[in-house]
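One structure is given here, and the rest of the page talks about it.
FYI, it's all coordinate maths here, none of it is from the lab. Quantities reported herein were computed from a predicted structural model and do not represent experimental measurements. Every residue, glycine as well, gets a Cβ built from its backbone with ideal geometry; the counts of neighbours run over all protein chains shown.
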Ligand SMILES: Cc1cc2nc3c(=O)[nH]c(=O)nc-3n(C[C@H](O)[C@H](O)[C@H](O)COP(=O)(O)O)c2cc1C
């Protein structure tokens, strides 16, 4: 049994890379960590602590991650939980961190979870990873293009 469960939701793989880096950083610190996509429906009750994170669409975490958090709220309120959000605002407008932090406000209010930490990471805008409608939305938003993941920030 590992010390920490790292759960993530991703549409393009962006958040998977961040979650894997968190798992590797925990391992370097001497903790055992299991990193799982939310689709595997990992069971948090056997772990001492949980890290859960998601990419963002239209100001909200992905539905599958919100559902996992809600379904496991009891286990998540009885052990330390840290959260992270990966999104483009943290690359294009990092001064809007309060706006990004608020993406999870409703979920936390609904579940009663009080994370020990909420980290906000720059994600990516790689058009080839998006569907055509998504590409059009990003184009209309004039979002900057690129992979803005900062693995030093993730490990810090
Ligand atoms: C249709 C669409 C809507 C998005 N909405 C937001 C948003 O509201 N705020 C934000 O900061 N980033 C937004 N993003 C950027 C994503 O959160 C970013 O690409 C992130 O890296 C996605 O991570 P994932 O692929 O692991 O889910 C959006 C991207 C797309 C394609």
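A few remarks follow.
- The chain, helix-only ellipticity at 222 nm - DSSP H runs n ≥ 4, -39,500 (n - 2.57), divided by all residues, nearest 500: -9500 deg cm²/dmol
- Restricted to Cα atoms, segment 4-155 shows a radius of gyration and a Dmax of 15.0, 45 angstrom.
- Counting neighbouring beta carbons within 10 Å and listing from fewest to most, the residues 54, 92 come out as 92, 54.
- Approximate spin-label separation residue 147-residue 98, in nm, with each point projected 7 Å along Cα-to-Cβ: 3.4 nm
- Spin-label model, residue 20/residue 39: points 7 Å from Cα along the beta carbon direction are separated by 1.5 nm.
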